[in-house]
Structures are given as C-alpha cells and as structure tokens.
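Report on the following structure.
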Amino acid sequence: MDHQNLIAIDIHTHAEVSCWNPFDNYGEEYDRAADKYFGSSGRPTIAESVAYYRERKIGLVMFMVDAESNMGRRRIPNEEIAEAAKNNSDIMIAFGSVDPHKGKMGAREARRLIEEHGVKGFKFHPTVQGYHPYDRMAWPIYEVIAEYGLPAIFHTGHSGIGSGMRCGGGLRLEYSNPMHLDDVAIDFPDMQIVMAHPSFPWQDEALSVATHKPNVWIDLSGWSPKYFPKQLVQYANTLLKDRVLFGSDYPLITPDRWMRDFENAGFKPEVMPGILKGNAMRLLRLDAAPAAPAPSAG
C-alpha cells in the first residue's frame, strides 16, 4: 500500500457483491434489514468500492464474512478479494474470512490464503458465525494467523445484521461480548486482535480488555462518530490513542459521513492523525523496513 499518498486508511470495509459467483439470494432479508437499520442503499461491486476509495485517496482493508455454517448463505470468494487487492496494491489490502466451524479444514484454507494469495489478516463475526470467540474449535485457525503474525478483526457489540427482524433473525448478540476476547488475547499474545465497532452495550468491557491486553485494538467502524460513547472518546484521546483505528463499515456507513462527523466528535487534534492512518500503518506493518536479502552462497 502506497500509504504516503493516502490521507487515511479505512480498516473495515465489506465486499458485498461477487463478480465471480452468481448472486445468492438466500437470506437476502438480512441485507434489507441492515439497509433499513443503517439507512443505506445499494451494494457496490468490489471494483466499484475500490474506485470510490481511490477517488478519495483513502486506503482500504476489505473482507467478507464467511458464515456458511450458521447462515446457509454462499460466501464471496476470499480469492476474489485477494485478486482485487493484488491488482490495486497501492490502495487496497485483503483480509480473509474463514468460518470457525470449519476447524482444521478452515486452518488449511487460512494458510493457503496467506501463502498463495497474500491476505494480510482475517475477519470474524461471532454473532453471524454463531460461536463464542473463545471456543476451542476456532483455535486451529487462530494458530495459523498467529504463526504468520497477522491481525484478526472481531465484530463486537450490537449487530446491525438481524436488527428489526423477527427474533433478530435468530442471531445471538451475546456471542459478540468483547470480554469473550480476553481468553483469545491471553492464549494468542502474538496475534493482534482488533475489536470492531463501539461495543454497545459492552463499551466498558471493551475498553477494559484493550487497556489490559496490549495486543488488543479497537476500530471505530459501524457508527457515526457523533454517537460514540464519551468514555470511548476519552480513552482514544489518552490510554488507547496508539491502538484506535479508523474504520467505516462501508458500504453501510461511508467514509465521507464518518470523516465529516469525526471532525466534531471531541478527538484531540494531536491524536487524529494516528487514528486516521498512523495506527493502521503500525498494525499492518506498512512502515516496517523491508527484510534484508539472504547472503549469497560462497
């Protein structure tokens, strides 16, 4: 990623439409409910999303959520997102997503995505995927992520997916309590864990885990900054200023709206550059010096 020519890095964007696979309308009611909840409309292709970010000179991390076991809905191929990132490497990074219920087979896929397709991290959504983050069935996948020193983003807090549907679409909010990540942070201290979103109604739990565990970060996606809890802004300005990240949740929330509201949300001017780009550069190791070449034989 050519971060020097970017004004910000959005750590949290979604691939919504596949150009490789036919549209899977199974479970489309979840999309409609989410559109109503977020006040959004339209689902861009990956190429359309990249063009949108390129126009604004904002870098993006993109992923889908593999919830095939719990939702019964065909996923967008990880490889499609990875290929788009390869073709737009100046502005885009691909994260993978592997359903934790896939266990050791999922771990094999995670390794292949890293080694053959160059993904730089992974996304988990406990509520949609239907599991507790500390469930040992996910350990084989976490072990691969930790082995390669890559970050993992976990949805936390209330879910816009399922909101307003009968029985919330059958999705359990409790899976996304950020305190469930405490065990993961202990057992995988070398895996950088990003808690996605202001973690309503568990914001204090999220701040506690992030303050206590130095490998835990928070991204600010999914909400307009003008609605952020006061304690989240307070910690972002002080104790956690080096581990708070800009994320929008595009296309459900646009970076245009997010960044406009961010200006007046109470963040200190001196911490804003880190939130918008600097912290993501460290998380993604964009500012790391290139590895030294191996010495030649003889």
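Laboratory data are not the source of any read-out in this text; all were calculated from the coordinates shown. Quick caveat, the model's predicted, so the values are computed rather than measured. Because the Cβ atoms are built from the backbone with ideal geometry, glycine has one as well, and the counts that use them run over all protein chains shown.
Projecting the Cα atoms of 170, 156, 53 onto the dipole axis of region 3-279, where Lys and Arg carry +1 and Asp and Glu carry -1 at the beta carbon, places 53 farthest toward the positive end. Its Cα centre serving as origin, the chain has a Cβ charge dipole (Lys and Arg +1, Asp and Glu -1) of approximately 320 debye.
Of the beta bridges in the chain, as assigned by DSSP with both residues counted there, near 0 percent are antiparallel.
Return the single residue from 18, 221, 199 with maximal mean-square fluctuation; model: Gaussian network over the chain, springs between Cα atoms under 10 Å. Sorting by GNM fluctuation, first place goes to 18. Here the gap between residue 35 and residue 105, fully extended at 0.36 nm per residue and compared with their Cα-Cα distance, gives a gain of 21.9 nm. Here the 3J(HN,Hα) profile of region 139-155, calculated from phi with Karplus coefficients 6.51, -1.76 and 1.60 at θ = phi - 60°, is 4, x, 6, 4, 4, 5, 4, 5, 4, 8, x, 9, x, 10, 9, 10, 4 Hz, Gly and Pro shown as x. Estimated from the Cβ-Cβ distance and a Förster radius of 45 angstrom, the FRET efficiency linking residue 186 and residue 268 is about 0.90. Considering helices alone, the calculated mean residue ellipticity of the chain at 222 nm is -9500 deg cm²/dmol, with DSSP H runs of length four and up weighted by -39500 (n - 2.57) and normalised per residue. Taking the square roots of 5 times each eigenvalue of the Cα gyration tensor of the chain, largest first, gives ellipsoid semi-axes of 25, 24, 21 Å. With N the number of residues in region 189-298, Rg(Cα) / (2.2 N^0.38 Å) evaluates to 1.24.
With both labels modelled 7 Å from their Cα along Cα-to-Cβ, the residue 24 to residue 242 distance reads 4.1 nm. Pairs of Lys residues in region 3-279, spaced 8 or more positions apart or belonging to different chains, with C-alpha separations under 19 angstrom: 15 in total.
Over the Cα atoms of region 160-254, the radius of gyration divided by the Kirkwood radius equals 0.98; this is the Rg/Rh ratio.
Sequence-ordered 3J(HN,Hα) estimates for region 188-205 from the Karplus curve with 6.51, -1.76 and 1.60 and θ = phi - 60° stand at 10, x, 9, 9, 6, 10, 10, 8, 7, 6, x, 8, 4, x, 10, 4, 5, 4 Hz, glycine and proline given as x.
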